[in-house]
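Novice: Mind having a look at this structure? Questions to follow.
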Amino acid sequence: MTDYVTAASQRAYVDRKCDCVGTDCSSYAELILDASEKQNIPDPVLLLSLMMQESNCNPNAGSGSSYGLMQISSWELCKDELNLENINDVIGAGNIRNNIQCGAIILKTKYNERRGGIIF
């Protein structure tokens, strides 16, 4: 766990940096590991890479149509599994777990759709 968090905070992956602060880095790592395990994503670095690409690990990132660490726009894909009522349930620092879990669900769903079957 610590290796990829340390590497991420030092711009070791494709000159991207995870702009987490202090304990946020550790909590993000734990949430990423949990989400990858729940969704059977074989390498949690996939989720970390997605988070770094989409938001630089900023839980308040937004583009007007995508929100949070994972830049969620298709929240409906995870609403049943995560018991979400609306997009606000994945936005902001208070919904980091939902945002990461939803990002993992969307990644798995989209990957499997494009591969024509369940890959992970």
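The values are calculated or read from the model by the stated rules, or taken from the named source; none is laboratory data. Quick caveat, the model's predicted, so the values are computed rather than measured. Remember, those area values only see protein heavy atoms, side chains included, never the ligands or the DNA or RNA. Shrake-Rupley method; radii C 1.70, N 1.55, O 1.52, S 1.80 Å.
Novice: Long-range amide H contacts for residue 72: which residues qualify at under 5 Å (H placed 1.01 Å from N, peptide plane, sequence gap of 5 or more or a different chain)?
Specialist: Under 5 Å from the amide H of residue 72 lie the amide H atoms of 67, each far enough along the sequence or on another chain.
Novice: Could you pull out every one of the lysines with an alpha carbon less than 29 Å from that of residue 79, ignoring same-chain neighbours closer than 8 positions?
Specialist: The reachable lysines, counting only those whose Cα sits under 29 Å from residue 79, are 38, 108, 110.
Novice: In square angstrom, rounded to the nearest 10, how much accessible surface does residue 79 have for a 1.4 Å probe?
Specialist: 80 Å²
Novice: Now a separate question. Quick one: check the C-alpha center-to-center distance for segment 28-55 versus segment 67-106, whole angstrom.
Specialist: 14 Å
Novice: What translational diffusion coefficient, to the nearest whole µm²/s, does segment 46-120 have by Stokes-Einstein, given a Kirkwood radius computed over alpha-carbon pairs, a temperature of 37 °C and 0.692 mPa s viscosity? Could the numbers behind the result be given before it?
Specialist: Details: Rh = 12.2 Å.
In µm²/s, the coefficient rounds to 268.
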